[in-house]
Every structure is written in structure tokens, then in C-alpha cells.
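*Asks:* My questions all concern the structure below.
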Amino acid sequence: MERAEQGSSVLIAAAAEKIAVQIKGILPAGFGKVSFQPSMTKLKQKLTEERYDVVIICTPLPDYGLQSVIELAAKYPALSILMLVDKDVYQQAVYRAGDSGIMMLARPLSASSFQATVRMLGTMSRKVQRLVNDNLKLQQKLSDERYISRAKGLLIERGGMTEADAHRYLEQQAMNTSVTKREVAMKVIRDSGRIIISTQ
């Protein structure tokens, strides 16, 4: 059976590289890419360049603020975030994080609890990413259908076609010109003098 965390990528943010090395040393086996950043600013920059499944933030961290982590969680819904905080501030941090989805663990860490948490976060991130991808595909399909339906209506109204004829026309034009039905539909709309408000 494939491990849940197989192939998951981890970005570790810690004030010193030796701390990141220690964290990496107790990660569950089987993770893919593991990277390190020394500050929140650099962590945010890295996330704009590459996609990660799990971010582990070891506080205290230069330019760190819990609000900035909450904003990070909102910006990247498929990203699982684990914060490692001192036990003295653990309860307060959990309270302030609210329902942001950020996971907290108090230091000193239990290796078994840490590994179980990271494994779960890796699995959860990959599942959420699949849902996000499916949602994007659905939105694209609905957008395509809006253009195609509008073009069919114009072909029926102005070209005197039946619905079946309009459907065949769009399909044939797409095949003949090696473009998508959406692109053919947009051309029909443009040629009919209609304004395209959105090309999403």
C-alpha cells in the first residue's frame, strides 16, 4: 500500500538552518522535496515560485506574525500549515488561529505525534489540491458552455440554423481549424457584433 505522504513536498521555515535540519531529521520517511527558508518574507516568496503540500513554521521567526500566517492559509487553500510554538503560548496561538485551518503543535515535540501530524497534513493537502483542480476544470467547462450556448443562439437566430445544425457547425469548424469549440464560439460571437465582456 502506498504511503499517504508519498511524494508530498515540505517547506520548513526556521530562524536557523540547524533547526530546519533537526525538523527534517524527524519527518516521516517518503517525502519528496524538502526546502528551507529563514524568514516569513522568504517563505512567501518561495511559495510564489513553487508549490508545496506542507509548510512547517518553527517560531520564533524573523518578521513573523500569526496574522501573516492566517493570511497565507487563506491565500493557499490547498496548503497545509503546521506551526511549532512554545508550550507557554500554545493555547493562545490556537485561540488566535481560530478556524483558519492552521495546525499547532507545542514544543518540546513528541516525534511520534509530529510524524503523525505531518503525514496527515500531507494527505489532506493532496486531497484538497485535487478538489481545487476539479473545481477549476468545472468552472472552465461552465465558462466554455456559456460561450457555446451563446454562439448556438446566434447561429439559430441570425443564420437560420436548427439547434442540431448549429451544434454540428461548431464541431466541424473546430475540427477544420484545429481549435476548441470555445474559440469557434467566440469567433461567431465577435463576427456577430457582440462584445466579449470576459475571456476567462
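*Asks:* Checking the condition more than 31 Å from the chain's Cα centre (by Cα) and either assigned to a loop (DSSP other than H, G, I, E, B) or not hydroxyl-bearing (Ser, Thr, Tyr) (or both), which residue from Ala166, Ala185, Ala116 passes?
*Replies:* Working: Ala185 fails: more than 31 Å from the chain's Cα centre (by Cα); Ala116 fails: more than 31 Å from the chain's Cα centre (by Cα).
After applying the criteria, what remains is Ala166.
*Asks:* Of all residues in segment 117-147 being under 24 Å from Ile70 (Cβ atoms) and among the small types (Gly, Ala, Ser), which is surrounded by the most Cβ atoms within 10 Å (Cβ to Cβ)?
*Replies:* Filtering segment 117-147 for residues that are under 24 Å from Ile70 (Cβ atoms) and among the small types (Gly, Ala, Ser), the one surrounded by the most Cβ atoms within 10 Å (Cβ to Cβ) comes out as Gly122.
*Asks:* Let me ask another. Looking at (1) in a helix (DSSP H, G or I); (2) farther than 23 Å from Ile12 by Cβ; (3) β-branched (Val, Ile, Thr), can you tell me which one Thr123 breaks?
*Replies:* (2)
Bear in mind these aren't lab numbers, they're just calculated from the coordinates by the rules spelled out. Quantities reported herein were computed from a predicted structural model and do not represent experimental measurements. Methodologically, a virtual Cβ is constructed for each residue, glycine included, from the backbone with ideal geometry; neighbour enumeration extends over all protein chains shown.
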